[in-house]
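So the structure is just underneath, and the comments pick up after that.
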Amino acid sequence: DLDKRKYIAGIKVSDEDYDTLNITQNSFKGNWNYIIKPLVL
């Protein structure tokens, strides 16, 4: 199903916060699709 909800645009994430994410580009359309996984401590 198509997600028709509205989302706030333009929210910026600081470099420090971004560096703490376990985020990787998806192999399909990696510029648009990312995978965020929980951090394992």
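Coordinate-derived values only; no laboratory data. On a predicted model such as this, the values are computed, not experimentally measured, just so you know. Cβ placement follows ideal geometry from the backbone for every residue including glycine, while neighbour counts extend to all protein chains displayed.
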Discussion item. Test of the criteria: in the chain, which chymotrypsin sites (Phe, Trp or Tyr not before Pro) are in a DSSP loop and have at most 10 other Cβ atoms within 10 angstrom of their Cβ?
Written reply: 7, 28, 32
Worksheet item: Nearest 20 debye, what's the magnitude of the dipole of the chain about its Cα centre given +1 on Lys and Arg Cβ and -1 on Asp and Glu Cβ?
Response: 300
Discussion item. For the chain, what does the helix formula give at 222 nm: sum of -39500 (n - 2.57) over DSSP H segments with n ≥ 4, over the residue count, nearest 500 deg cm²/dmol?
Written reply: -2500 deg cm²/dmol
Practice prompt. Rank these for me by crowding, 11, 35, going from fewest to most other beta carbons within 10 Å.
Written response: 11, 35
Worksheet item: From the backbone phi of region 32-39, what are the Karplus-calculated ³J(HN,Hα) couplings (6.51 cos²θ - 1.76 cosθ + 1.60, θ = phi - 60°) in whole Hz, Gly and Pro given as x?
Response: 10, 10, 10, 10, 10, 10, x, 6
